[in-house]
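Values quoted throughout were computed directly from the atomic coordinates according to the rules given, and no laboratory measurement underlies them. Not measured: the values here are computed from a predicted model. Cβ placement follows ideal geometry from the backbone for every residue including glycine, while neighbour counts extend to all protein chains displayed.
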Amino acid sequence: MIEDELALFDKSINEFWNKFKSTVSDTSCGMVGLRDTYKDSIKACGEKLSVKLKEEERMVEMFLEYQNQICRQNNLIQEKKDNLLRLIAEIKDKKQELEVLTANIQDLKEEYAKKKETISAANKANEERLKRLQKSADLYKDRLGLEIRKIYGDKLQFIFTNIDPKHPENPFMFSLHLNEAKEYEVSDSAPHLECLAEFQENVRKTNNFSAFLANVRKAFTAMVYN
Amino acid sequence: MGRSTVASHRGQAEVLAMEEEVAQSLLDAKERAHQGGVELQQLKAELRKAGEEDTRLKASLLQLTRELEELKEIEASLERQEREVDEDTTVTIPSAVYVAQLYHRISKIEWDYESEPGMVKGIHHGPSVAQPIHLDSTQLSKKFISDYLWSLVDTDW
């Protein structure tokens, strides 16, 4: 009986030991499983965090890049705004200058047009007058056969033609000027006239210039006939 | 186990909120950069336009300046012409007048300028009488005419 109880006890102990062993080993396996699962989930978490960190680093990088860009842009914008303001001011100045110049030019053009007309009219009038005067002088010269010329030294030269019947074109001339005493002074007669000195005295006395010339011509004519 | 789950959920929410904030800042920055770019483009376009207008104005000013130069030349020319007219008025004409008057004084003859060509017509103003002159130059020699006209002039001093 004790041996039976011992054998039973032994069997119980063995059963208990086997059950214990397997329970422990199950638990142990479970624990190992849990530990491994835990390790895996930690690893996954870690990986997710790493990705997140990289993302966030990237975002910070981008943010800084944008900040740089914005800063550069702001500088450029300020610079270009300044340039634009300056340019607008220059344009305004130029427009004003343009206005002034245009008005100036217009005024000058009008002034010159008027001047041109005035000059043209005066010229025309002068031309006509000179023409008439020339015509008059020509008539006298042709018909009287007497040319009166102003020559150097404030002298007048009198040239008679139509004196010599054989050579009417032959000139008979003398010069005349007013000396310092404001008296008539004859000179350079060609051909030489003796009585010219006498005529000079007469005309100084009487101031009858008309008679003076008539007598000179008469004297020249007389010379030819001799 | 329950406490740490709650804590981890709250942590997650905080992180999400922060992430949202950062993402929003990033989007804002991107938007600002984009707008800055747009503003920059507009400024460039305005500058270009203004630059073109400035160039046009410069060209106009140049042209007007040249016109002004030309006008200066015209002014010089006009001044020259004025001087010429002046000379005519103050020298040439008086000189011609003097000669014509001298002829008149010498001969006392006044011509008829309306007479037919070839006819010598006029009046001699003698000391007492005025004598008409009427000669046909086509029939008479030049010497005859000259001699005749001078015969009218008094030789008495």
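Before moving on, here are some points about what is shown:
- Charge tally for residue A:76 (other residues, Cβ to Cβ under 12 Å; Lys, Arg +1; Asp, Glu -1): +1.
- 16 Å Cα-Cα reach of residue A:131 towards lysines, excluding residues that sit fewer than 8 places from it in its own chain: A:141
- Of all aspartates and glutamates in the structure, those lying under 20 Å Cα to Cα from residue A:43, and not within fewer than 8 positions of it along the same chain, are A:55, A:56.
- Residue pairs, from the table A:115/B:72; A:124/B:121; A:81/B:44, whose Cα atoms sit over 19 Å apart: A:124/B:121
- Placing +1 on the Cβ of every Lys and Arg and -1 on the Cβ of every Asp and Glu, with nothing else charged, gives the protein assembly as shown a dipole about its Cα centre of roughly 980 debye.
- Between residue A:128 and residue A:75, the contour length at 0.36 nm per residue exceeds the Cα-Cα span by 11.3 nm.
- Long hydrophobic helices in chain A, taken as whole DSSP H segments with a C-alpha length of 27 Å or more on their own axis and mean Kyte-Doolittle hydropathy at least -1.0: A:2-144.
- Rounded to the nearest 500, the helix-only mean residue ellipticity at 222 nm of chain A stands at -28500 deg cm²/dmol, with each DSSP H run of n ≥ 4 adding -39,500 (n - 2.57).
- Choice from B:65, B:138, B:55 with maximal GNM fluctuation in chain B (Cα, 10 Å cutoff): B:138
- Within straight-line cross-link reach of residue A:155, aspartates and glutamates at Cα separation under 12 Å, skipping those fewer than 8 residues along the same chain: A:185, A:188
- Note on chain B: with a GNM built from Cα contacts shorter than 10 Å, the maximum mean-square fluctuation among B:102, B:140, B:68 falls on B:140.
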